[in-house]
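Please read the structure below before turning to the comments.
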Amino acid sequence: MAIERTLSIIKPNAVINHNIGQIINRLETAGLQVAGLKMVHLSKEQAEGFYEEHRGKVFFEILVDFMTSAPVVVIALQGENAINAYREIMGATDPAAAARGTLRADFGGEIVTYNAVHGSDSPESAAREIAYFFPDTQVYSY
Ligand code: RTP
Ligand code: MG
């Protein structure tokens, strides 16, 4: 199985609820290594650029408002099959539909947008999203 990298974001509601440690603990316990990590309070421009593919959709504005409402924690994860392995740990987009024991089921809020975590959905988006936050010199293999 291939070693991949993927981008995780711990979203504002999970940060405000003091769930950073629990979420990172689950990732590490599942065998995903933290390769890069930082806290960022996104500007409107940064959030819009990150979610460029969703521009024009009905939920775009509320998503950008939410993502800029408090700091987030961005994490470059590395591991076997990391992109899909992490998406399994996250669960379905809508916390109400996410399987028991997933991050979104356990830490998500009342509406889809407040779903606690982000994860890249393909090798292409992982590469773009990691580079969006981290220069190559700030992602580590060890
Ligand atoms: P993600 O990118 O966060 O892993 O989630 P996803 O692929 O499952 O969801 P995506 O369709 O890419 O949407 C990105 C984020 O926008 C918010 N959202 N709100 N109907 C809605 O109100 C709605 N749909 C999506 C969520 O925060 C989602 O993670
Ligand atoms: Mg997505």
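In the list M39, M1, which residue meets the criterion of being of a type in the set (A, V, I, L, M), exposed (fewer than 13 other Cβ atoms within 10 Å of the Cβ), within 29 Å of Y142 (Cα to Cα) and modelled with pLDDT of 95 or more? After ruling out the rest, the residue left standing is M39. Residues considered: E88, E48, E80. Of these, the only one that is within 18 Å of F133 (Cβ to Cβ) and not aromatic (F, W, Y) is E48.
So that you can scan it fast, the table gives a plain yes or no per residue for (1) at pLDDT 95 or above; (2) over 12 Å from the mean Cα position of the chain (by Cα); (3) buried (at least 22 other Cβ atoms within 10 Å of the Cβ):
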site: K57; (1), (2), (3): yes, yes, no
site: E61; (1), (2), (3): yes, yes, no
site: T68; (1), (2), (3): yes, yes, no
site: I75; (1), (2), (3): yes, no, yes
site: I89; (1), (2), (3): yes, no, no
site: L103; (1), (2), (3): yes, no, yes
site: G119; (1), (2), (3): yes, no, yes
site: P123; (1), (2), (3): yes, yes, no
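Scan the stretch 99-108 for residues that are out of contact with any strand residue (DSSP E or B) (no Cβ under 7 Å at 6 or more places or on another chain) and near ligand 1 (Cβ under 10 Å from one of its atoms) and the total you get is 1.
On the stretch given as the stretch 9-25, residues that are surrounded by 16 or more Cβ atoms within 10 Å (Cβ to Cβ) and assigned to a loop (DSSP other than H, G, I, E, B) total 2.
Scanning the stretch 42-55 for residues that are surrounded by fewer than 16 Cβ atoms within 10 Å (Cβ to Cβ) and within 16 Å of ligand 2 (Cβ to nearest atom) yields G49, E52, E53, H54, R55. Scanning the stretch 21-35 for residues that are closer than 13 Å to V73 by Cβ and hydrophobic (A, V, I, L, M, F, W, C) gives I23, I24, L27, V34. Residues in the stretch 109-142 that are within 16 Å of ligand 1 (Cβ to nearest atom), among the β-branched types (V, I, T) and under 21 Å from G31 (Cα atoms): V117, I130.
Note on the stretch 43-55: residues that are over 19 Å from S125 (Cα atoms) and not charged (D, E, K, R) total 1.
The values are calculated or read from the model by the stated rules, or taken from the named source; none is laboratory data. Computed from a predicted model, the values in this text were never measured in an experiment. As a convention, Cβ positions derive from the backbone with ideal geometry for all residues, glycine included, and neighbour counts pool all protein chains shown.
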